[in-house]
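Each remark here refers to the structure printed beneath this line.
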Protein chains: 2
Amino acid sequence: MADRPARKNVPQRASGPALWASVGARVRDRERKRDAVIMTAARAFRERGYHNTSLDDIASELNVTKPTVYHYVENKEQLLFECFRAGLKLIMDGIAEQRESTTTGRERLAAVVARYAEALTSDFGWCMVQAENQDLSPTMSRKVKALKSEIDQGLRSLIRAGIADGSIRPCDEKMTAFALAGALNWIAHWYRSDDKLDAGQIAQRFIELFELGLRPR
Amino acid sequence: MADRPARKNVPQRASGPALWASVGARVRDRERKRDAVIMTAARAFRERGYHNTSLDDIASELNVTKPTVYHYVENKEQLLFECFRAGLKLIMDGIAEQRESTTTGRERLAAVVARYAEALTSDFGWCMVQAENQDLSPTMSRKVKALKSEIDQGLRSLIRAGIADGSIRPCDEKMTAFALAGALNWIAHWYRSDDKLDAGQIAQRFIELFELGLRPR
DNA sequence: GCCCTAATTTACCCGCGAGTATATTTAGCC
DNA sequence: GGCTAAATATACTCGCGGGTAAATTAGGGC
């Protein structure tokens, strides 16, 4: 399972339909096509929601028929899960990256927040946030919960570290992590790619708010 | 339309199934039964999600059949909308209440946050947050957007007021409102009625966090 | 140039769930 | 106590969409 280190885990910018668009497109690059399927699904889910997106929709957006989609993916549920995982990985990477840093907890937290915001404005953002356990089988649901919990723990441990090194005021780390995650996750609800602010600028505002608070200093 | 001021707009604690439980209890109080339908729907949606809840489910939870549900409600979409509206009203009331207050902007904002948290931990919380435009017809979607926007404007104007009276540090009011709303809305995702903290305690932690910030003072 | 296999399609099945036409019961009223 | 209207139930329709069996097309190796 955990083999093939070369595998690109996050389908970055697979230009979707183009892969199938031209007539002589029966090439054999399973990986990239699979990624394109996932990307297209992610966009569709974001635009119309999971339950309002049929696999026929996704297929036709790829200029392809439904069984082709099934050729790359087990079923609809797995499709959602893959989108979810792709988005989550972006955040996990951000957290992992900061484990090697030697700055204060507060600074590391800020760096993670920036990556987090970026992940949420990506096409996977919606799936990460909206992938409700309700839409998933018990097995998948457990997996998703575990992954989400990892992120939560990551945030909390950064907060703890900050408190320990004095860069963060002592606080309820659980509620702080929830508030932070909530503010960030909510981005997926309102962000549109033509927004005035990009992920970086949003993150900057959030960091300022959470660091300084509303009360004048 | 806007008549009947006596009408109880938010179905508070209509004890659901009991209303129909006994055979001889077919009293004709449309209002209360309608509220029970909405309450039951809200709980069901929260537990299993909108698309995973059939009207047959809701009906059978009320010890009743589907046509009876249709007797109280136009269709499934309207049912979701009613749940949404019921929840939203709790927040709106909170905001309206503070308009008459003479305290600082920051204090009024805190009061609204407390009410907001309470609304989100109610059975309607999930519907308010999850009622995606995607699940609604264009008409309903517009209504929902308008209502949500009202709340957003309410928050922003409190923030502005706070900045004006010096109780809130100057900041990007839009992003601040979004962060605040996000942190609060997210409660609906994680809160369970058997949680250690109740709505009041959660609100208290959030207010402290947003007022003081993470950086030590 | 031929065969094997991966990729893709055509043409289905089938169940679920929203919504409804119609019958039936019940309560209130005179 | 019989009439009317509201309340509820029975028993449907029907389309959408997830999923699949089986045929077809195209490459790539030899």
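A short reminder: the numbers here are calculations on the coordinates, not readings from a lab. Just so it is clear, the structure is predicted and the values come from calculations on it, not from any experiment. Here the Cβ positions follow ideal geometry from the backbone for every residue, glycine too, while neighbour counts run over all protein chains shown.
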Gaussian network model of chain B, Cα within-10 Å springs - most flexible of B:Asp198, B:Asp172, B:Asp135: B:Asp172
Closest Cβ on chain B to the rotation axis that carries it onto A (distance rounded to whole Å): B:Gly213, 1
Rg to Rh, two decimals, where the range B:103-194 supplies the alpha carbon set and Rh follows Kirkwood: 1.02
Overall dimensions of the range A:93-137 as given by Cα atoms, namely Rg and Dmax in Å: 13.6, 41
Free-standing Cys residues across the protein assembly as shown, given no other cysteine C-beta under 4.7 angstrom: A:Cys171, B:Cys171
In degrees, nearest ten, helix A:76-99 long axis to first principal axis of chain A (Cα): 40 degrees
Cα centre as origin, Lys/Arg/Asp/Glu Cβ charges: chain B dipole, Debye: 260 debye
Cα-centre dipole for the protein assembly as shown with unit charges at Cβ (Lys and Arg positive, Asp and Glu negative), debye to 20: 120 debye
Sequence of B:Ser149, A:Ser137 once ranked by neighbouring C-beta atoms within 10 Å, starting from the fewest: B:Ser149, A:Ser137
Relative compactness, chain B, computed as alpha-carbon Rg over 2.2 N^0.38 Å: 1.12
Sorted by Cβ density within 10 Å, fewest first, the residues A:Glu132, B:Glu61: B:Glu61, A:Glu132
Calculated SAXS-style log₁₀ I(q)/I(0) at q = 0.12, 0.16, 0.18, 0.21 Å⁻¹ - the range B:157-215, Debye, Cα scatterers: -0.35, -0.59, -0.72, -0.90
In sequence order, calculated HN-Hα J values of the range A:63-69 (Karplus, 6.51, -1.76, 1.60; Hz; x Gly/Pro): 6, 8, 9, 3, x, 5, 4
Which of B:Ala119, B:Leu158, A:Gly162, positive extreme of dipole for the protein assembly as shown (C-beta unit charges): B:Ala119
Long pairs among A:Lys76/A:Lys174; B:Lys33/B:Lys174; B:Lys89/B:Lys196; A:Lys66/A:Lys145; A:Lys89/B:Lys89, criterion Cα-Cα beyond 31 Å: A:Lys76/A:Lys174; B:Lys33/B:Lys174; A:Lys89/B:Lys89
Per-copy distances of the A:Arg32 label point, shortest first, in nm (7 angstrom along Cα→Cβ): 6.8
0 to 90° range, to nearest 10: angle between helix A:199-212 axis and chain A longest Cα axis: 20 degrees
Positive-pole candidate from B:Ala179, B:Gly105, B:Leu197, dipole of chain B, charges at beta carbon: B:Gly105
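Rounding to the nearest 20 debye, state how big the charge dipole of the range B:147-217 is about its Cα centre with +1 on each Lys and Arg Cβ and -1 on each Asp and Glu Cβ.
220 debye
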Rounded tilt (10° steps) of B:173-185 against the dominant C-alpha axis of chain B: 40 degrees
GNM result for chain A, Cα springs below 10 Å: residue of A:Tyr70, A:Tyr191, A:Tyr116 fluctuating most strongly: A:Tyr70
For the range B:168-208 versus the range B:84-150, the gap between their alpha-carbon centres in whole angstrom: 13 Å
